[in-house]
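The values are calculated or read from the model by the stated rules, or taken from the named source; none is laboratory data. Predicted model only: the values in this text are computed from it and were never measured. FYI the Cβ positions are ideal-geometry reconstructions off the backbone, even for glycines, and counts take in every protein chain you see.
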Amino acid sequence: MSDYIPKPTVETVCYHKKYDFTLIVLAYRRVTLDEAHRTYLQYLHENRLKHPPRGITARCETLYGFDLESGL
């Protein structure tokens, strides 16, 4: 068994109109609205932000859709 995990390739774009903030969520499948929201909150927490920066586009990689059993 290999420890190699391929990079996620499916992009889901989320836009916050009030702050002109775009979050691109990279996953192994299209993420749901709830998963995108959790990723957004995790981005804010990891960067110690109360609200997103204005006019920025950020990218986050997730494991959503990755099958740990088969490795695909």
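Within the group Leu68, Leu63, which residue is aliphatic (A, V, I, L, M), outside any helix (DSSP H, G or I) and more than 16 Å from the chain's Cα centre (by Cα)? If you could, list the steps in order and put the result at the bottom.
Values: Leu63 fails: more than 16 Å from the chain's Cα centre (by Cα).
Matching residue, one of Leu68, Leu63: Leu68.
So Lys7 passes all but one of these: (1) part of a loop (DSSP other than H, G, I, E, B); (2) surrounded by 10 or more Cβ atoms within 10 Å (Cβ to Cβ). Which condition number does it fail?
(2)
Out of (1) out of contact with any Leu (no Cβ under 8 Å at 6 or more places or on another chain); (2) not in a loop (DSSP other than H, G, I, E, B); (3) not aliphatic (A, V, I, L, M), what's the single condition that is false for Tyr19?
It is condition (2) that Tyr19 fails.
Restricting attention to region 13-23, and to residues there that are at pLDDT 95 or above and surrounded by 14 or more Cβ atoms within 10 Å (Cβ to Cβ), which single residue is nearest to Gly65 (Cα to Cα)?
Restricting to residues being at pLDDT 95 or above and surrounded by 14 or more Cβ atoms within 10 Å (Cβ to Cβ), the top hit is Leu23.
Does any residue in region 22-46 that is under 20 Å from Thr9 (Cβ atoms) come within less than 7 Å, Cβ to Cβ, of a residue that is of a type in the set (A, V, I, L, M) and in a helix (DSSP H, G or I) six or more places away or on a different chain, and which pairs are these?
Short answer, once both residue conditions are applied: Val25/Ala36.
Could you grab the pairs with beta carbons closer than 7 Å, sequence gap of 6+ or different chains, first residue in region 52-66 and within 11 Å of Val31 (Cα to Cα), second one basic (Lys, Arg)?
Tyr64/Arg29; Gly65/Arg29
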